[in-house]
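Trainee: Quick one: the structure is below, and I'll ask about it shortly.
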Amino acid sequence: MTAYEIAAELPSIDVLRDRCKALAVLECVVDGGEPYYAYDRAWGAEPAFGDGEGQFVATAVLWRLTGDDRWHAGEGIAFPAPRGPYDDTDPDGSGLLEILLDDIAERYVAFAEDYYDVELDPTAVERIVAQLPLTGPVVQALNPAVTVAGLHEAVTAIGYPVATA
């Protein structure tokens with residue numbers, strides 16, 4: 001996929017925000033260490049997009065202003081040619097965003113199996129993707145070594161709901 005194809009398929013800002021929160025919570029539960037996916041609701045355009053010397057550095061850039069009806073990618077991007085007949089990799093790195101498209105629960109289960117070498121309970125993953133409050137049984141189904149209490153600070157910083165009781 002290219003940035004243009006990803007931009008055409010990304011959901012609305014609110015839906016995308018919820019999906020990003022869900023991925024970040026899943027990472028807190030499954031990995032607990034240095035997450036592959038993270039979310040910070042207070043984060044804005046900042047030095048994280050730079051190389052330390054003020055130079056802008058990004059793999060793929062997509063944007064959507066509040067009043068826009070679609071996501072945008074830069075115009076006139078020249079993508080490199082495939083390296084061979086079986087090269088199905090994305091030419092601009094935007095394929096990393098495919099997990100944010102439809103069926104993210106299924107995509108995350110597949111990601112976790114490949115990246116972390118764990119099999120996750122799809123129902124527990126779907127509950128988190130659906131933005132249902134985080135509960136002990138859901139956390140335990142995904143990672144018995146983790147508790148809701150241990151995740152409370154990280155999860156509330158993400159802005160994800162936590163069950164009371």
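Taken together, the values in this text are just the output of simple stated rules run on the coordinates, not laboratory data. Every value quoted in this text rests on a predicted model; they were computed, and no experiment measured them. Glycine also receives a Cβ, built like all others from the backbone with ideal geometry; neighbour counts cover every protein chain displayed.
Trainee: Please list, in chain and number order, the residues 5+ apart from L134 or on another chain whose amide H is under 5 Å from its amide H, with Hs placed from the backbone.
Mentor: Long-range HN contacts for L134: V162, A163.
Trainee: Looking only at trypsin sites (Lys or Arg not before Pro) in DSSP loops with at most 13 other Cβ atoms within 10 Å, what is the longest site-free stretch of the chain?
Mentor: 84-165
Trainee: Then there's this: Taking the alpha carbon gyration tensor of segment 17-165, what are the square roots of 5 times its eigenvalues, largest first, to the nearest whole Å?
Mentor: 31, 20, 15
Trainee: Only loop residues by DSSP count here, and only those with at most 15 other Cβ atoms within 10 Å; note down the chymotrypsin sites (Phe, Trp or Tyr not before Pro) in segment 41-102 that meet that.
Mentor: Here the chymotrypsin sites (Phe, Trp or Tyr not before Pro) that fit, given the DSSP loop and packing criteria, are W43, Y86.
Trainee: Let me ask another. Please sort by residue number the GluC sites (Glu not before Pro) in segment 57-150 whose DSSP state is loop and whose Cβ has at most 11 other Cβ atoms within 10 Å.
Mentor: When the GluC sites (Glu not before Pro) of segment 57-150 are filtered for loop state and at most 11 Cβ neighbours within 10 Å, E75, E119 remain.
Trainee: Per residue of segment 126-139, in order, report the coupling 6.51 cos²θ - 1.76 cosθ + 1.60 (Karplus, θ = phi - 60°) as ³J(HN,Hα) in whole Hz, putting x for Gly and Pro.
Mentor: Values per residue, Gly and Pro as x: 4, 5, 5, 4, 6, 6, 6, x, 5, 10, x, x, 5, 4 Hz.
Trainee: Let me understand segment 85-165 better: what is its radius of gyration from the alpha carbons, and its Dmax, in angstrom?
Mentor: Reported Rg and Dmax, both Å: 15.1, 56.
Trainee: Across bins of 5 angstrom width beginning at 0, how are the C-alpha pair distances of segment 1-58 distributed, in whole percent?
Mentor: 4, 15, 14, 19, 25, 17, 5
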